[in-house]
Amino acid sequence: MNPRRILILLGAAAALLVLAYLFIDLGSHWDYALQRRAKKLLAMALTGAAIAFSTVVFQTITNNRILTPSIIGLDSLYMLLQTAIVFAFGSLTLTTLNPQVHFGLSVGLMIAFAGLLYRLLFRREGRGIYFLMLVGIIFGTFFGSITSFLQMLTDPNEFQVVQDRMFASLNNVNAKVLAISAIGMLAVTAYFLPMRRYLDVLSLGREHAVNLGVPYERTVKRLLIVVAVLISIATALVGPITFLGLLVVNVAYQIIRDYRHRYLIPGAILIGIVALVGGQLIVERVLTFTTTLSVVINFVGGVYFIYLLLRENKA
């Protein structure tokens, strides 16, 4: 099927799910319910767009469809920050901290870590993207080990607050934080636009991209900045959703079946919105809040990840 028609169908599916989420069982206090649901929808749209967008770019750079940006350790760093705040200052500090301050602190720390990592690794020639991923895995494991150690030392009652931060949540998203996230994503998109013409060539691999005149090193560094900022915004906004990017982007590859990123990126974004809104509908209407959205997404994504590994092994 024509990729444009597929995008139209995905857009229609996303629109139907959005309308269903907004208007099903509004009740008598429809104005209050509609306001809360609209805020959740905006959070899901921003999160789905940021994760899908960054994962497509990251997989294009690495030329690997089973990798996600979380491999460089940003999710682990986010959890370390939440745990360290509770361990040092208590759970009351984390729960009462100004949402804008908490968001800025989380995003700033993750971007600063990513920037320092890029600066150190790309200082010398010959240190490419795979070396970056290796060091990212090491740092992610290191951050996870410190987080686990601090959690074992934390009072069990305090740990409950940290445990809530381990899973993505849409219930307490602040409207001002949503606005800041939207502005940040628009700024990153504007920064990305001049580089969009290189993505199709980068998907051919480093050697072909260099031979075709792409300024490879500079372009990859700038695209990695885009990836880091988008993942930082999405993680700080709702929390870590490890397998969402892997799931929606690989489904986009399967459905769209076109190498051109002008179709892949919007398709992945729409699938991300469908996955989050549809998943939230299932959590609220079918599972009646007995679990969280991130658990559903990570379960489905984990199963799909195993399927991808088995398929690659057979290939």
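Nothing in this text is a laboratory measurement; each read-out follows from the coordinates by a stated rule. These numbers were taken from a predicted model, which means no experiment stands behind them. Heads up, the Cβs are rebuilt from the backbone with ideal geometry, glycines too, and the neighbour counts pull from every protein chain shown.
Just a few scattered comments:
- Chymotrypsin sites (Phe, Trp or Tyr not before Pro) restricted to DSSP loop in the range 270-311 with at most 13 other C-beta within 10 Å: Phe289
- Aspartates and glutamates with Cα under 18 Å of Lys39, excluding same-chain neighbours fewer than 8 positions away: Asp25, Asp31, Glu284
- Here the label points at Ala13 and Arg222, each 7 Å from Cα along the C-beta direction, are separated by 3.4 nm in the simple model.
- Spatially, the range 230-296 and the range 128-149 are offset by 24 Å when compared through their Cα centroids.
- A simple spin-label model places the labels of Leu116 and Glu207 3.7 nm from each other, with each point 7 Å out along Cα-to-Cβ.
- Here the Karplus curve 6.51 cos²θ - 1.76 cosθ + 1.60, taken at θ = phi - 60°, turns the phi angles of the range 90-97 into couplings of x, 5, 4, 5, 5, 6, 9, 5 Hz, with x standing for Gly and Pro.
- Projected label distance in nm at Leu97 and Val286, using a 7 Å step from Cα toward the beta-carbon: 3.5 nm
- Residue of Asn250, Asn298, Asn171 that the Gaussian network model of the chain assigns the largest fluctuation, springs spanning Cα pairs under 10 Å: Asn171
- Under the span-like rule (Cα at least 20 Å along the axis, Kyte-Doolittle mean at least 0.0), DSSP H helices of the chain: 3-23, 30-62, 74-89, 99-121, 129-153, 175-192, 216-238, 261-281, 293-314
- Whether the range 100-196 is rounded, prolate or oblate, judged on the alpha carbon gyration tensor where a/c under 1.5 counts as rounded: oblate
- Each other residue within a Cβ distance under 13 Å of Gly11 adds +1 if Lys or Arg and -1 if Asp or Glu, for a net charge of +2.
- Taking a Cβ cut-off of under 12 Å around Arg262, the surrounding Lys, Arg, Asp and Glu residues balance to a net charge of +2, with basic ones at +1 and acidic ones at -1.
- Sparsely packed loop sites in the range 145-196 (the chymotrypsin sites (Phe, Trp or Tyr not before Pro) outside DSSP H, G, I, E and B with at most 11 other Cβ atoms within 10 Å) do not occur.
- Taking other residues whose beta carbon is less than 11 angstrom from the beta carbon of Glu284, and scoring Lys, Arg as +1 and Asp, Glu as -1, yields +2.
- Three-way shape label, the range 29-87, alpha-carbon gyration tensor, a/c 1.5: oblate
- Shape call, the chain: gyration tensor on alpha carbons, a/c limit 1.5: oblate
- Amide H contacts under 5 Å for Ala168: Ser294, restricted to partners 5 or more places along the chain or on a different chain, H placed in the peptide plane at 1.01 Å from N.
- Residue with peak Gaussian network fluctuation, the chain [Cα springs, cutoff 10 Å], from Arg119, Arg65, Arg165: Arg119
- For a label point 7 Å along the Cα-to-beta-carbon line of Arg36, residues of the range 213-251 with backbone N under 19 Å: 238
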